[in-house]
Amino acid sequence: MSFVVTARKWRPQKFEEVVGQQHISQTLKNAISNNRIAHAYLFAGPRGIGKTTTARIFAKAINCLNLKNGEPCNECTNCNLFNSSQSIDIIEIDGASNRRIDEIRVLRDSVKYAPMNGKYKIYIIDEVHMLTTESFNALLKTLEEPPEHVVFIFATTDVHKVPLTIISRCQRFDFRRIEVGDIKNLLQKISDVEDIKIDETSLTLIAKKADGALRDAQSLFDQVASFCNKNVTSTEVAKMFNLIDEDIYFRISDAILQKNFKAAFEITQLIYENGWNFIDFGNELLEHFRNILTVVIRKDTKLIATTESTKNKFLTYIDAFSEADILRILNFINKYSYEIKTTNNPKLKTEFALSTLIGLESSKSISSLLQALENGIPLNESKKKVVKSDRPIKESVQNHDSVSKIDNSNKTSSLNITTLKNNWSDFIKNIESEKFTLANHLSLSEPIELIGKKLKVAINHKDDIEVIMQNENFVKYLTEKSLSYFNQKLTFELVPRKSQEQNKTAKQSLDEVDFNLSENEKQIIEAIKQHLGGKKVN
């Protein structure tokens, strides 16, 4: 017997066998059981996720002579005719090759004829968005008022190309991308039946490579099974697909923590020697730090699609990075991923990018240094509290917490602008623990005037003002937070900081710092400003 590809051999024959589309399968089964069959359906979604398969099962079910809970029996005459591609009551049409108005006119004329064996005559039009405008217009009247024995099922990967006049005449079902776990489970089941040995890491690599398309995953499975001769290993799968070793990304995150600049050049050279794609590297590095962000925020790995052993590696970063650090890293990698597509020397660009990433100082350690300066502690003393170790960022978080605690007992029920300014930094830190995004927009803000219960706050960038004021939740939260923190319910007026005031404030603070700092300490402050992306204001 000739070889049949997995996607065809394991094509579902019942609704219960369709993977990842239970919300649609159950709706269609209920419609059949309750005799609520519509005259037109539209199945929309990405490629390879079961649209045409579901259409075929549905068409077979509504003509089945021996239904079982809305499922086709696959044993009656009509089911056997369809399974053997001999049914004349179920017509499948490729919209891409039958897109002209002449073909649609033939279809329109044929719908008047009654079905031969079943109750319904079903037309399945795949890739319906490929029909011409004239073809859609010719189909409209028939689609709106078809004969009682006719059912249309349209499938498309580009639903936005289907005219609204067509969509409004159909029951629309949106199919989902298949989750990595569902793909792995099915591939494991197939490998057990087909006597193919495969490990979990290989299944994960195939499932992620398929990007939510089950048909793609099954095609890749056939490919690796042939390559590995029914003994599939993750090493061979990575070699075949030319995938970048996952340990590379963990080496980078560890290098950032340990300030290991040598790793930037070693990793770049490794990518270059193995012929790995630098664009893929950037995308996967972005995903790696996205996974770390979910671990830092959620303290678990439920939102990470990978093997259990890899999930355990991510758990080691729970206290190693802060949310602010990861967001800065993600922002930088996102910029690198965009620029690497157009650079003439991706190797040099990558070396520079990784070196910059490793050189980024923790935002917590920098905050500790600046807080120490504000409290009058000499910089050489404050630096002792942020000593580098194997986990410098983790340690700096602890140091920062001890420095940044402010005695809130000085706040009174009668507020003045001086009290607000003295406690404003701590107020923002309190907000940061609950609403990080809002705190980020307020990071460079300053209270400048209090009239009654109306507080005027200066903010450097107009964009930050617009984001806050357009979000009703942010505005409401600030008012409620002022009551719990300052014991007064304040309303906030956000205004852009004037450039002259900015220069004046910057100059005053610089003069105050210069008063007690040596040249060496000034150089350290300048280096900190560069790490944070600071710009000189003229």
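Among the conditions (1) free of Cβ contacts under 8 Å to residues at least 60 places away in the same chain; (2) crowded, with 17+ Cβ neighbours inside 10 Å, the only one that Glu75 does not satisfy is (2). Out of everything in region 465-517 that is modelled with pLDDT of 65 or more and assigned to a loop (DSSP other than H, G, I, E, B), what residue ends up being surrounded by the most Cβ atoms within 10 Å (Cβ to Cβ)? The qualifying residue surrounded by the most Cβ atoms within 10 Å (Cβ to Cβ) is Leu490. Are any of the residues in region 229-236 of a type in the set (Asp, Glu) and either under 30 Å from Leu131 (Cβ atoms) or part of a loop (DSSP other than H, G, I, E, B) (or both)? Checked against the condition, which is being of a type in the set (Asp, Glu) and either under 30 Å from Leu131 (Cβ atoms) or part of a loop (DSSP other than H, G, I, E, B) (or both), region 229-236 yields no hits at all. Residue check: Leu203 meets all listed conditions (1) buried (at least 22 other Cβ atoms within 10 Å of the Cβ); (2) part of a loop (DSSP other than H, G, I, E, B) but one, namely (2).
Residue count for region 11-70 satisfying the condition of being part of a strand (DSSP E or B) and modelled with pLDDT of 90 or more: 5.
Of the residues Lys60, Lys51, Lys68, which is farther than 16 Å from Arg172 by Cα and crowded, with 23+ Cβ neighbours inside 10 Å?
Among Lys60, Lys51, Lys68, only Lys60 is farther than 16 Å from Arg172 by Cα and crowded, with 23+ Cβ neighbours inside 10 Å.
For the residues Lys462, Lys453, Lys429, the requirement of being closer than 11 Å to Val495 by Cβ and charged (D, E, K, R) singles out Lys462. Show the residue pairs meeting these rules: Cβ distance below 6 Å; 6+ apart or different chains; first residue within region 322-347 and within 20 Å of Ile271 (Cβ to Cβ) and assigned by TED's automatic domain parsing to the domain that holds Trp276; second residue modelled with pLDDT of 90 or more and among the basic types (Lys, Arg). If the second residue must be modelled with pLDDT of 90 or more and among the basic types (Lys, Arg), the pairs left are Ile340/Lys349; Thr343/Lys349.
When region 91-142 is limited to residues that are touching a Phe, Trp or Tyr at 6+ places or on another chain (Cβ under 6 Å) and buried (at least 18 other Cβ atoms within 10 Å of the Cβ), the one that is nearest to Asn66 (Cα to Cα) turns out to be Tyr123. Looking only at residues in region 97-131 that are polar (S, T, N, Q) and under 26 Å from Ile49 (Cβ atoms), the one that is nearest to the chain's Cα centre (by Cα) is Ser97. Based on what the data block shows, is Arg8 free of Cβ contacts under 8 Å to residues at least 24 places away in the same chain and not aromatic (Phe, Trp, Tyr)? Spelling it out, Arg8 is indeed free of Cβ contacts under 8 Å to residues at least 24 places away in the same chain and not aromatic (Phe, Trp, Tyr). Answer yes or no: is there a residue in region 356-376 that is at pLDDT below 85, surrounded by fewer than 16 Cβ atoms within 10 Å (Cβ to Cβ), among the small types (Gly, Ala, Ser) and touching an Asp or Glu at 6+ places or on another chain (Cβ under 9 Å). Taking every residue of region 356-376 in turn, none turns out to be at pLDDT below 85, surrounded by fewer than 16 Cβ atoms within 10 Å (Cβ to Cβ), among the small types (Gly, Ala, Ser) and touching an Asp or Glu at 6+ places or on another chain (Cβ under 9 Å).
Listed here are the residues, each with its yes/no results for (1) under 21 Å from the mean Cα position of the chain (by Cα); (2) in contact (Cβ under 8 Å) with a residue 40 or more places away in the chain; (3) surrounded by 14 or more Cβ atoms within 10 Å (Cβ to Cβ).
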| site | (1), (2), (3) |
| --- | --- |
| Leu243 | yes, no, yes |
| Ala255 | no, yes, yes |
| Gln258 | no, yes, yes |
| Lys262 | no, no, no |
| Thr268 | no, yes, yes |
| Ile271 | no, yes, yes |
| Trp276 | no, no, yes |
| Phe281 | yes, yes, yes |
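Pairing residues of region 217-236 that are in contact (Cβ under 8 Å) with a residue 40 or more places away in the chain with residues that are surrounded by fewer than 19 Cβ atoms within 10 Å (Cβ to Cβ) and of a type in the set (A, V, I, L, M, F, W, C), at Cβ distances under 6 Å and at least 6 apart in sequence or on separate chains, gives Gln218/Ala7; Asp222/Val5.
The values are calculated or read from the model by the stated rules, or taken from the named source; none is laboratory data. All figures in this text were calculated on a predicted structure; none of them were measured in a lab. Backbone-built Cβ (ideal geometry, glycine too); neighbour counts: all protein chains shown.
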